[in-house]
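Written below as structure tokens is the structure these notes are about.
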Amino acid sequence: MKQHLVIFDTTLRDGEQSPGASMTREEKIRVARQLEKMRVDVIEAGFAAASPGDFESIQAIAHAIKDSTICSLARANENDINRAGEAIKPAKSGRIHTFIATSPIHMEKKLRMSPDQVVEQAVKSIGWARQYTDDIEFSAEDAGRSEIDFLCRIFEAVIKAGARTINVPDTVGYAIPFQYAETMRQLIERVPNSDKVIWSVHCHNDLGLAVSNSLAAVLAGARQVECTINGLGERAGNAALEEIVMAVRTRPDIFELETRIDTTQIVPASKLISQITGYPVQPNKAVVGANAFAHESGIHQDGVLKHRETYEIMRAQDVGWSQNKLVLGKHSGRNAFKSRLQELGIELESDEAVNAAFARFKELADRKHEIFDEDLHALVSDEVVTPDQEHYKLLYSHVCSETGEMPHAKVILSVGGVEQKGEAGGGGPVDATFKAIESIVNSGAELMLYSVNAITTGTDAQGEVTTRLTKADRVVNGNGADTDIVIASARSYLNALNKLHSSLDKVKAQGDV
């Protein structure tokens, strides 16, 4: 019988630490439901002590999710662990994931603690966590640059204290596969009672080796991999869940393991994360990129036509790819619309939300002949905004752009429920629109990114716009979609401004696994 490989998804915690990738509570619940549908074993829902918003999001996810373990990260201090424990209380299955740095540079320069003090603090943290749950994970931050003798010492101590999962993170993406695997082998061999815990890996992609390092550690005995959808994460990101899962599935001759992941949900999860965070997936990205199963070479096309496996090691439909097809039209009714959303794994919280989304669908159907699943994802995302979050709302836009003349835009916004008018010229219609908005809001934010992607094919396709704004060390992404790219741009800009307006700054943590 094959052994089980635990898939621990940290998209909602580590993935959200990507600049501008912060999500609202409603967006996090949508992602958690998709991860549950994909049958992820553990969902790290956030860092409860980071902010009241993180705490509330973890608690809401703990209420909503029944088929996955819900986990909160916590530093090895009593306050963090208490917050994590309270946040996961509603979960059917809850975990506390606590960590402390173990590399010489981190202990000396950051923690300013001796090795003895670090071990003592780690053991105390397990004791605090056991007041809330028996499912406790311990991580040695920056294990990739830690001394193996010290890792053996601290792991032995926390296992004795009650930790059930031991994570060996390559926090800064420093490890090389053969060296990382050897570290894992030695730890399992040398740590007393190593057979009483699940050994875990959490690899960052600074050298492009996160997936390779993770798989090398699995071959050396790790039985949990911490990863994110699309490899999302701070700096160069994390190990990509889709690549880990499909490598294990595609090479059973190498990995005598199995996951419980429903792989047909991988592409829908990838698209959802990309759409919510505004981080597009590169076309040549493994498994979930648009070109992952495309063949242009004549030799490749000939081979695939004769026998698919000549050039394809996976089936596109096994990971959730399918042909775009017309799913709904302007004559479709509310029930058909709601049913298709359910088939796509989209759950709206109330009848009011369904009605609002349906009204937008009808409006879109009048302007766009063919409506695809991707259009519905974008359309519903526009609706996942609560009234208290929508401080700025676009009511009217008029843009004039003529050859040889400076483009000019007029807008009417609702600002806190009060209509205000603004107008401005600019280098192009989008630039003029943004300046007209700023003439009203005067946000003081700096535009860091403006990106446009076509959601589907055709000249009537919706354009999906991502804007990234920064202000006072806060970075947010905004998203907007419309068949009119200027309107999509305005919605995206206002979406980002709303996030800046309603967001709570997060507490700076000691570190990160």
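Structural remarks
- If you go through the range 404-427 and pick out every residue that is assigned to a loop (DSSP other than H, G, I, E, B) and either touching a helix residue (DSSP H, G or I) at 6+ places or on another chain (Cβ under 7 Å) or not assigned by TED's automatic domain parsing to the domain that holds Tyr392 (or both), you end up with 2.
- Any hit, the range 70-92, residues being over 17 Å from the mean Cα position of the chain (by Cα) and hydroxyl-bearing (Ser, Thr, Tyr): no
- Residues of the range 459-504 that turn out to be assigned to a loop (DSSP other than H, G, I, E, B) and out of contact with any strand residue (DSSP E or B) (no Cβ under 6 Å at 6 or more places or on another chain), as a count: 8
- Among the residues examined, Ile7 qualifies as in contact (Cβ under 8 Å) with a residue 60 or more places away in the chain, under 28 Å from Ile261 (Cβ atoms) and of a type in the set (A, V, I, L, M).
Conditions (1) free of Cβ contacts under 8 Å to residues at least 24 places away in the same chain; (2) buried (at least 18 other Cβ atoms within 10 Å of the Cβ); (3) in contact with a Lys or Arg (Cβ under 8 Å, 6 or more places away or on another chain), marked per residue:
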{"site": "Lys393", "(1), (2), (3)": "no, no, no"}
{"site": "Pro407", "(1), (2), (3)": "no, yes, no"}
{"site": "Phe434", "(1), (2), (3)": "no, yes, no"}
{"site": "Ile437", "(1), (2), (3)": "no, yes, no"}
{"site": "Ala445", "(1), (2), (3)": "no, yes, yes"}
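- Among residues of the range 25-47 that are touching a residue at least 24 places away in the same chain (Cβ under 8 Å), those with a beta-carbon under 6 Å from a residue that is of a type in the set (Phe, Trp, Tyr) at least six positions away or on a different chain give the pairs Val42/Phe8.
- Among the residues of the range 58-83, those that are touching a residue at least 40 places away in the same chain (Cβ under 8 Å) and either surrounded by fewer than 19 Cβ atoms within 10 Å (Cβ to Cβ) or touching a Ser or Thr at 6+ places or on another chain (Cβ under 9 Å) (or both) comprise Thr69, Cys71, Leu73, Ala74, Arg75, Ala76, Asn77, Glu78, Ile81, Asn82.
- Count - residues of the range 205-241 that are of a type in the set (S, T, N, Q), part of a helix (DSSP H, G or I), surrounded by 23 or more Cβ atoms within 10 Å (Cβ to Cβ) and at negative phi: 2
- Residue in the range 448-457 that is small (Gly, Ala, Ser) and either in contact with a His (Cβ under 8 Å, 6 or more places away or on another chain) or outside any strand (DSSP E or B) (or both) present: no
- If you go through the range 478-506 and keep only what is at pLDDT below 90, over 15 Å from Val415 (Cβ atoms), over 20 Å from the mean Cα position of the chain (by Cα) and surrounded by fewer than 20 Cβ atoms within 10 Å (Cβ to Cβ), you end up with just Thr483.
The values are calculated or read from the model by the stated rules, or taken from the named source; none is laboratory data. Since the structure is predicted, the reported quantities are computational estimates derived from the model, not experimental observations. FYI the Cβ positions are ideal-geometry reconstructions off the backbone, even for glycines, and counts take in every protein chain you see.
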